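This report concerns only the one structure given below.
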Amino acid sequence: MDYVKPADVAAAMVDAGHRKLSLTPADLVIRGALAGSILGAATSLAFTGALQTGVPLVGALIFPVGLAIIVLLGLDLVTGNFGLVPLPWLERGTSGPAMLANWAYVFIGNLIGSIAYGALLAIALTNFGATTAGAVGAQIVAVAQAKTTGYAALGFAGLVTVFVKAMLCNWMVCLAVVITMTSSSTVGKIAAAWMPMLIFFGQGFEHSVVNMFVIPTGMLLGAKVTVAEWWLWNQIPVTLGNLVGG
């Protein structure tokens, strides 16, 4: 059987944290950029599936393909690293600055990859600006505005809400990363990753890397959102909430 027992999973989590801390800044940025672009592609596919079927849950069923690919390729999401990288630090196996540097480089890589995919998708949806972006583009615009100006309209309550949604999100995302370690087979890892990711996406929780794709892409497609609104009402509080959740 390919099942890995929980005690062995705990040891694998610590080992994974050490491996991530041993990577160079260039490695982290590249792995982060690839992960950000793949998650963006999974998100746009989820929107497409939900729109084509008229069933939002279909999008949630599709979305986990992104994390499955990322885990199988050993790439880096800052959200997953929020859960794994502190483990060596807690065991006094690394320093606080090394942990923070890991998060920073992966965050930058995720941002680069997410925006790059979003820019390419905007070109594809609009035929390089010659047409409108269609239903998928309109959905991205609507979601980008809901995730920023929608929270801003609620004031402090909006900040609390987005922070809590981010905590709930990364609780599930880190669970997905960990639960993939319960299997040594490719199929087992894919099936394990699916469950927590379905829970988070299907309930509209807030993921900082998903938002690195959705919000700037929505802005490119005409969303009435400023850079300040993106960061103040979503990216910063969501990243902090993801950190706490991790």
Worksheet item: Using a Förster distance of 35 Å, how high is the FRET efficiency between residue 19 and residue 146, based on the Cβ-Cβ distance and rounded to 0.05?
Response: 0.40
Worksheet item: What percent does the relative contact order of segment 171-216 come to when contacts are Cα pairs within less than 8 Å and at least six residues apart?
Response: 35 percent
Worksheet item: Per-residue HN-Hα couplings for segment 194-210, Karplus 6.51 cos²θ - 1.76 cosθ + 1.60 at θ = phi - 60°, whole Hz, x for Gly and Pro?
Response: 4, 5, x, 5, 4, 4, 6, 6, x, 9, x, 6, 9, 10, 4, 6, 4
Practice prompt. Using a 1.4 Å probe and ignoring any ligands, DNA or RNA, find the accessible area of residue 105 and quote it in Å² to the nearest 10.
Written response: 90 Å²
Discussion item. Below 15 angstrom from the Cβ of residue 177, what's the summed charge of the other residues (Lys, Arg +1; Asp, Glu -1)?
Written reply: +2
Discussion item. Considering only C-alpha atoms, what is the centroid distance from segment 1-67 to segment 95-155, in Å?
Written reply: 17 Å
Discussion item. If a paramagnetic tag sat 7 Å from the Cα of residue 27 along the Cα-Cβ line, which residues of segment 63-107 would have the backbone N under 13 Å from that point?
Written reply: 74-76, 102
Discussion item. Explain nothing, just the number: relative contact order of the chain, from Cα pairs under 8 Å at least 6 residues apart, as a whole percent.
Written reply: 29 percent
Discussion item. Please compute the contact order of segment 1-80 in relative form: average sequence separation of alpha-carbon pairs under 8 Å and at least six residues apart, divided by the residue count, as a percent.
Written reply: 31 percent
Worksheet item: What is the set of long-range amide H partners of residue 183 at a cut-off below 5 Å, with H atoms built 1.01 Å from backbone N?
Response: 4
Practice prompt. Count the net charge of all other residues whose Cβ sits under 13 Å from the Cβ of residue 27, scoring Lys and Arg as +1 and Asp and Glu as -1.
Written response: +2
Worksheet item: Could you sort 206, 91, 229 by accessible area so the largest value comes first, with the probe set to 1.4 Å?
Response: 91, 229, 206
Worksheet item: Using a 1.4 Å probe on the protein chains only, how many percent of the accessible area of segment 192-246 belongs to carbon and sulfur?
Response: 73 percent
Worksheet, complete the sentence: Given 118-126, 153-161, the highest-first ranking by average Cβ count within 10 Å works out to 118-126, 153-161
Worksheet item: Averaged per residue, what accessible area in Å² does segment 146-246 show with a 1.4 Å probe, protein chains only?
Response: 41 Å²
Worksheet entry | Accessible surface ranking that places the most exposed of 186, 94 first, with a 1.4 angstrom probe | 186, 94
Discussion item. Under the 0.36 nm per residue contour assumption, what length would be gained going from the current alpha-carbon distance of residue 116 and residue 8 to full extension?
Written reply: 35.1 nm
Worksheet item: Using heavy-atom solvent-accessible surface (probe 1.4 Å) with all chains present, what is the largest-first order of 114, 37?
Response: 37, 114
Worksheet item: In the neighborhood of residue 101, defined by Cβ-to-Cβ distances under 14 Å, what is the net charge if each Lys or Arg adds +1 and each Asp or Glu adds -1?
Response: -1
Worksheet item: Label residue 135 and residue 156 with points 7 Å out from Cα along Cα→Cβ: what is the distance between them in nm?
Response: 4.2 nm
Item to complete: Any lysines with Cα under 16 Å of the residue 147 Cα? List them, leaving off those in the same chain fewer than 8 positions away.
Response: 165, 224
Discussion item. Could you give the length gained by full extension between residue 124 and residue 73, i.e. 0.36 nm per residue of separation minus their alpha carbon distance, to one decimal place?
Written reply: 15.7 nm
Worksheet, complete the sentence: Which of [x] 18.2, 59; [y] 17.3, 53; [z] 17.6, 56 is the computed Rg and Dmax of the Cα atoms in Å? It is [z]
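The values are calculated or read from the model by the stated rules, or taken from the named source; none is laboratory data. Since the model is a prediction, treat every value here as computed from it, not as a measurement. Virtual Cβ from ideal backbone geometry, glycine too; neighbours counted across all protein chains shown. Note: areas computed on protein heavy atoms with side chains; ligands, DNA, RNA excluded. Shrake-Rupley method; radii C 1.70, N 1.55, O 1.52, S 1.80 Å.
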